[in-house]
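Note sheet for the following structure.
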């Protein structure tokens, strides 16, 4: 296959570019969004969880358009600025609590809840904004948010996202070549935030939470 264009590690041949041109010509009334969905259908281009890679397909088509390989229809909708739309919460929703100092066994049962797209997501963001040294940032792309409860109170927050495509120290530590990284990157999750609330002082809690999340994150990711 002769490569005519490359995008995010994917080589696009002349015949594939022609397929996209014909797709656009066959559906002149479709928006760019719907065309990207059609392209995913035509190429069976899906994520490991089976969902279409429509955002990547849309970006690919836009780059091909900018390079002059295809002609997309005029843009019909301009999405809002995500930085403005997802403003960080102004202050924590949960007030600071008295110090919680005990052993892990004395802490009692933990409830670890994935809160993305739930009513508790706002509390998660507020706690991150108020107590994490990097504050709150709305993740981009696929991600998970965990809120941990004990004794009826939130005690910790963990955020995970799709792994960055290029991370030199990580790839050198694993020992990946470039082809291995492209083949296996989807198997990694990136821990973007980890917060134990400052009034919680429980030895070994951090490693215990990481172990608990590690056991369930693969299944939770498939449910996105």
For segment 108-134, name all the residues that are within 18 Å of the chain's Cα centre (by Cα) and assigned to a helix (DSSP H, G or I). 121, 122, 124, 125, 128
Scan segment 211-220 and give yes if some residue there is closer than 29 Å to residue 151 by Cβ, in the same structural domain as residue 130 (by TED's automatic domain parsing), touching a strand residue (DSSP E or B) at 6+ places or on another chain (Cβ under 7 Å) and in a loop (DSSP other than H, G, I, E, B), otherwise no. no
Of the residues that sit in segment 135-177 and are farther than 14 Å from residue 190 by Cβ and in a loop (DSSP other than H, G, I, E, B), which one is nearest to the chain's Cα centre (by Cα)? 138
Within segment 185-205, restricting attention to residues that are assigned to a helix (DSSP H, G or I) and surrounded by 13 or more Cβ atoms within 10 Å (Cβ to Cβ), which residue is nearest to the chain's Cα centre (by Cα)? 186
Kindly evaluate residue 164 against the criterion of being touching a strand residue (DSSP E or B) at 6+ places or on another chain (Cβ under 8 Å), surrounded by fewer than 18 Cβ atoms within 10 Å (Cβ to Cβ), within 23 Å of residue 221 (Cβ to Cβ) and without any contact (Cβ under 8 Å) to a residue 40 or more places away in the chain. yes
Quick check: is even one residue across segment 15-33 within 23 Å of residue 179 (Cα to Cα) and either touching a strand residue (DSSP E or B) at 6+ places or on another chain (Cβ under 6 Å) or modelled with pLDDT of 75 or more (or both)? yes
Just need a number here: residues in segment 90-106 that are modelled with pLDDT of 90 or more and either assigned to a loop (DSSP other than H, G, I, E, B) or under 31 Å from the mean Cα position of the chain (by Cα) (or both). 3
If we scan segment 58-68, do we find a residue that is surrounded by 16 or more Cβ atoms within 10 Å (Cβ to Cβ) and assigned to a loop (DSSP other than H, G, I, E, B)? no
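The values are calculated or read from the model by the stated rules, or taken from the named source; none is laboratory data. From a predicted model like this one, the values you see are computed outputs, not experimental measurements. Cβ: placed from backbone, ideal geometry, glycine included. Neighbour counts: every protein chain shown.
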